[in-house]
Amino acid sequence: MYKLHLIFKYLRKRRIAWVSLLAVTLCVTMVLVVISVMGGWLRMFRTSFHGLSGDIIVQSGSLSGFPYYNEMIAEIEKLPEVTAGVPVIQTFGLININNRKTAGVQVFGYPADKIGKVNEFPKSLWRQYNQWLEWADGAAIDPRDRLELREQYGLDVIRPGGPLLQLTAEERDHLRKAVPEATKKAEAARQAINKATDPAEKDGNVHDFEDLIWLSRRMQELADSPNDGIADPYEREMIRKQLGNIIDDPNERLKPNDAERAAARAQAEKRLASASFKPFLPPDEYKAAFRASNPNAKKDFIDSVTKFDGMIAGTGVVNIHKDAQGKFVGRQDFLYRIPVSLTVMGVSTTGKLEFGGGHERNYWISDTSRTKVWQYDSNTVYVPFDVLQGDLGMEAQQAEQDGKPITLPARTSEIHIGVKEPWHSSTQGLIAIRDKIKPIINRVLEEKARQGQPYNGALPTVRTWEESQAKWMGAIEKEMVLVTGLFGMISVVAVFLIFCIFYMIVVEKTRDIGIIKSVGATSSGVAGIFLGYGAVIGIVGSGLGFLVGYLIVHNINTLHGWLGEVLHVQVWDPEVYAFDTIPNTMEPVRVAWILGIAVIASVIGALVPAIRAARLNPVEALRWE
Amino acid sequence: MARTTPQAASPTPPNKTESILSARGIQRSFRMGDSVVQVLKGCSLTLREGEFVAIEGRSGSGKSTLLHIMGALDECEGGAVEFEGQDFTQMSSTHRSWLRNKKFGFIFQFYHLLPELNVLENTLLAAMIENSWLSFRSNRKALHARAIELLEQLGLSHRLKHRPSQLSGGERQRVAIARALMNNPRVLFADEPTGNLDVETGRQIMDVIEKLHRDSGQTIVMVTHDRALAREADRVLVLKDGKLEKAE
Ligand SMILES: Nc1ncnc2c1ncn2[C@@H]1O[C@H](COP(=O)(O)OP(=O)(O)OP(=O)(O)O)[C@@H](O)[C@H]1O
Ligand SMILES: [Mg+2]
């Protein structure tokens with residue numbers, strides 16, 4: 001009884017003990033945050049990389065690639081554990097987006113119909129998948145999208161945008177009443193132009209004036225024409241911006257109803273089925289828009305333009321990014337309606353550049369991909385496999401050797417192989433499958449050599465996805481161990497601090513210990529006071545540490561954004577850490593371990609002082625001054 | 001040094017009843033740097049139920065040391081102490097702790113109260129140590145009643161929630177007495193209980209001790225160097241040159 005009582009009293013009266021409490025709290029917070037962020041980072045890394053590559057990858061040793069991949073895939077797909085094998089070309093190129101941006105990019109050639117069988121690439125697409133999910137979750141569908149959904153996808157449940165945006169009688173009334181105010185504002189803006197001295201300010205005023213003059217006329221028009229009283233989203237927003245909420249928010253009007261959401265959800269799932277997955281197919285509407293915006297162009301030119309293939313751009317390539325509030329910005333309207341050119345350089349089997357240095361081709365941007373792995377999203381574009389293969393000179397070719405015509409086989413740079421569960425999620429399982437695939441590759445090449453078509457280039461390597469990312473992941477794993485070790489060592493300081501503070505308290509309380517013993521406390525009882533004291537500090541300290549750590553980890557991206565805004569520091573640079581968000585989850589088992597260790601460490605810190613207190617001779621303790 | 005050194009001259013009269021505490025040939029020395037100071041050179045004393053014994057002696061003669069040994073707070077180097085027929089040296093340290101808790105009560109010259117606890121809590125200390133948290137909870141009422149009764153008798157009922165630092169010396173010593181009596185000790189040890197007090201207050205404390213002895217038959221061993229105070233006792237012994245002698 002007296003132990004609890006005294007622990008409580010000492011905790012309240014000895015302020016110095018709070019320092020050790022604080023030390024425990026800080027250490028627990030620190031270790032929790034570091035472990036959670038690093039561990040979450042590693043986990044994100046694994047999931048994303050695994051999601052982006054096949055389970056097993058056959059990879060060429062050189063840019064010129066390796067041949068007979070179709071024969072290899074046919075053999076590999078005979079393995080019962082394998083779901084599919086997909087050839088992938090990886091190379092580098094130069095992209096020019098409508099002369100707005102020219103940049104070097106990594107280029108992947110994906111066979112559209114098969115890639116979804118070996119990785120999660122389709123789920124990274126915006127137009128083909130994620131946008132559907134957003135609609136399914138209730139995001140407004142704007143009129144142009146509604147048109148496309150109705151006409152291109154034949155979704156009749158999607159209501160046309162026009163009627164949804166039609167003005168009500170009440171709104172028309174509001175507009176009519178607001179016309180004089182708009183005119184007055186326009187007049188005020190006109191006068192402001194004359195007053196402004198700064199050229200930039202003047203420009204802004206001119207802009208305002210033009211907007212308002214146009215708006216006042218348009219409002220009158222809208223108010224007067226009951227049959228054609230549709231305000232498009234832009235007009236509605238402009239009126240609301242200039243004159244307040246006198247008419248409805250277009251986004252509210254355009255929100256999908258339940259039937260529309262269900263249709264969007266169904267379509268999102270359907271997207272992923274390979275038959276309807278056509279990510280490289282630019283919508284007709286875009287071509288039509290191009291045609292409409294270039295009315296004077298020759299028909300030949302228009303025809304050739306509308307035949308362009310589609311390209312999927314990583315979000316970073318087209319400058320779609322998160323702003324400080326974490327919202328995506330930069331998904332501009334014109335993005336999917338402009339042609340871009342991509343120049344790639346083919347490498348022949350002899351390792352020489354083909355086509356004298358580059359092959360240029362025009363594409364539409366048919367979609368954007370956000371894999372969340374910054375390395376990919378920042379500078380990767382995806383194009384159809386066969387198109388890229390042709391541009392690189394890797395398709396089957398006729399040639400002459402010693403005067404005789406021969407066929408050079410088509411080449412690829414990689415084969416990505418998907419594997420069924422349970423091998424899919426097991427490192428050992430994948431290694432076993434890998435060892436089955438290796439001999440198949442060799443067998444195909446030997447067979448071809450026997451038929452007189454030897455391949456003399458570098459042999460392709462067969463690796464599991466973990467092996468091919470080993471450099472990255474090994475480095476992260478080591479870094480995590482290192483950082484955890486370092487912070488663990490710092491925590492030893494906390495244990496030492498507890499030791500010192502407790503020792504101080506024991507020395508200071510020597511006489512009290514003598515008193516307690518003279519009234520009959522045993523040595524173990526006295527030791528119990530200080531061990532209990534340490535345990536209480538450990539428990540309360542790690543409890544508080546957990547609380548603070550939890551709050552920090554769960555709000556780490558907000559905190560980071562705030563740091564960036566207020567102090568202009570960006571600790572988490574996506575360029576370095578590969579992800580554009582900081583991991584914010586905690587693993588319960590790890591947390592339990594850390595908290596347990598913190599409590600034990602606090603008790604250990606209190607152990608020596610406790611033993612000293614227990615050993616004190618009561619008479620000498622009483623004589624202590 | 002042999003524990004069983006026979007004692008030639010015992011100052012204890014042999015004819016009274018029921019000895020509860022007996023010390024035989026107690027020896028104790030202290031190391032002071034290189035030299036060893038033999039403080040107790042064979043002290044013997046038998047304490048009977050209900051007896052009030054005063055031990056007198058000059059400062060530094062070893063009175064406190066003897067008291068600590070008899071109260072199981074310190075250990076002797078030669079000789080033996082028996083309580084109710086049991087030898088201290090044969091007991092575990094837990095057993096001796098139990099004796100200090102249940103059978104003995106101590107009053108010190110410098111009060112020795114715990115500064116963090118209030119008057120009531122200081123009084124309850126022995127009970128807190130004796131009981132587990134649960135049994136203290138369940139006996140709380142009775143224990144509090146006992147402590148408050150003691151404090152009332154000592155005239156401290158209005159000071160229950162005060163801290164020792166807010167009390168006068170006399171009041172502190174009365175709290176110490178209440179604490180010592182909490183568990184109804186069979187023997188009360190008092191080491192110069194008035195040594196730190198003025199004459200008037202010392203007188204009041206002596207009255208309390210005397211009354212305890214007279215009214216409830218409390219067995220008391222008191223150390224003092226004040227001959228006048230020692231007179232109150234049934235029996236006065238003098239510690240001189242490491243030995244106990246009967247006062248003349
Ligand atoms: N722990 C110790 N270490 C060294 N010497 C000690 C120790 N305890 C007591 N002494 C010595 O033993 C002698 C007796 O001490 P003790 O406290 O018993 O005397 P006392 O008779 O109670 O004196 P006082 O009347 O001043 O209280 C003294 O000389 C003291 O210096
Ligand atoms: Mg003394």
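Computed values, structure above
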quantity: Straight-distance crosslink candidates among aspartates and glutamates, where the alpha carbon sits under 17 Å from residue B:63 and sequence neighbours closer than 8 are dropped; calculated: A:620, B:74, B:75, B:77, B:191, B:192, B:226, B:241, B:245
quantity: Average other protein chain Cβ within 10 Å of Cβ, residues B:87-93; calculated: 1
quantity: Antiparallel content of DSSP bridges confined to chain B, in %, to 5; calculated: 55 percent
quantity: Between helix A:199-224 and chain A: long-axis angle, C-alpha atoms, 0 to 90°, nearest 10; calculated: 70 degrees
quantity: 222 nm mean residue ellipticity, helices alone, for chain B (DSSP H n ≥ 4; -39,500 (n - 2.57); rounded to 500); calculated: -11000 deg cm²/dmol
quantity: Highest-fluctuation residue, B:32, B:222, B:91 considered, GNM on chain B with Cα pairs under 10 Å; calculated: B:32
quantity: Listed residues B:19, B:131, B:112: farthest to the positive end of the dipole of the protein assembly as shown (Cβ charges); calculated: B:19
quantity: Which listed pairs, of A:202/A:241; A:184/A:255; A:517/B:103, have C-alpha distances above 24 Å, in listed order; calculated: A:184/A:255
quantity: Segment A:86-180: C-alpha pair distances exceeding 16 Å, %; calculated: 74 percent
quantity: Using alpha-carbon coordinates, inclination of helix A:470-508 to the longest axis of chain A, degrees; calculated: 30 degrees
quantity: Loop trypsin sites (Lys or Arg not before Pro), segment B:113-205, which have at most 10 other Cβ atoms in a 10 Å radius of their Cβ (DSSP); calculated: B:161
quantity: Cα lying deepest toward the dipole's positive end in the protein assembly as shown, options A:204, A:476, A:581, charges on Cβ; calculated: A:476
quantity: Neighbourhood net charge (13 Å Cβ-Cβ; Lys/Arg +1, Asp/Glu -1) for residue B:39; calculated: +4
quantity: Residue (of B:148, B:35, B:47) at the positive-pole extreme of segment B:19-246, dipole from beta-carbon charges; calculated: B:148
quantity: Taking chain A and dividing mean pair separation by its residue count, relative contact order in percent (alpha carbons under 8 Å, at least six apart); calculated: 28 percent
quantity: Stokes-Einstein D for chain A, Kirkwood Rh over Cα pairs, 37 °C, 0.692 mPa s (µm²/s); calculated: 107 µm²/s
quantity: Given charges at beta-carbon only (K, R positive; D, E negative), |dipole| of segment A:114-231 in Debye; calculated: 240 debye
quantity: Under 15 Å, Cβ to Cβ, from residue A:159 - net charge with Lys/Arg +1 and Asp/Glu -1; calculated: -2
quantity: Size of charge dipole - the protein assembly as shown - debye, nearest 20, with Cβ of Lys, Arg +1 and Asp, Glu -1, no other charges; calculated: 2960 debye
quantity: GNM flexibility winner over chain B from B:134, B:188, B:47 (Cα, springs under 10 Å); calculated: B:134
quantity: Fewest-first sequence of A:102, A:464 by Cβ atoms within 10 Å of each Cβ; calculated: A:102, A:464
quantity: Segment B:215-246: trypsin sites (Lys or Arg not before Pro) in DSSP coil with no more than 12 other Cβ atoms inside 10 Å; calculated: B:231
quantity: Cα centroid separation - segment A:43-102 against segment B:27-84, whole Å; calculated: 93 Å
quantity: Dipole moment magnitude, nearest 20 debye, chain B about Cα centre, only Lys, Arg, Asp, Glu C-beta charged; calculated: 400 debye
quantity: Peptide B:109-116 - average C-beta neighbours from other chains (10 Å radius); calculated: 5
quantity: Cα-based Rg / Dmax (Å) for chain B; calculated: 18.3, 55
quantity: Amide H partners (placed H, <5 Å) of residue B:191, local residues excluded; calculated: B:107, B:108, B:109, B:223
quantity: Rounded, prolate or oblate (a/c below 1.5 giving rounded, otherwise prolate when a/b exceeds b/c) for segment B:11-114 by Cα gyration tensor; calculated: rounded
quantity: Among the listed pairs A:78/A:404; A:3/B:240; A:101/A:307, those beyond 31 Å (Cα-Cα); calculated: A:78/A:404; A:3/B:240
quantity: Charge context of residue A:55, other residues only, Cβ under 14 angstrom, K/R +1, D/E -1; calculated: -2
quantity: GNM top mover of B:23, B:145, B:190 - chain B, alpha-carbon springs below 10 Å; calculated: B:145
quantity: Per-residue average of Cβ from other chains inside 10 Å of A:508-519; calculated: 6
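Here, each number is a calculation from the coordinates, and none is a lab measurement. All figures in this text were calculated on a predicted structure; none of them were measured in a lab. For neighbour counting, all protein chains shown are included, and Cβ atoms are generated from backbone atoms with ideal geometry for every residue, glycine included.
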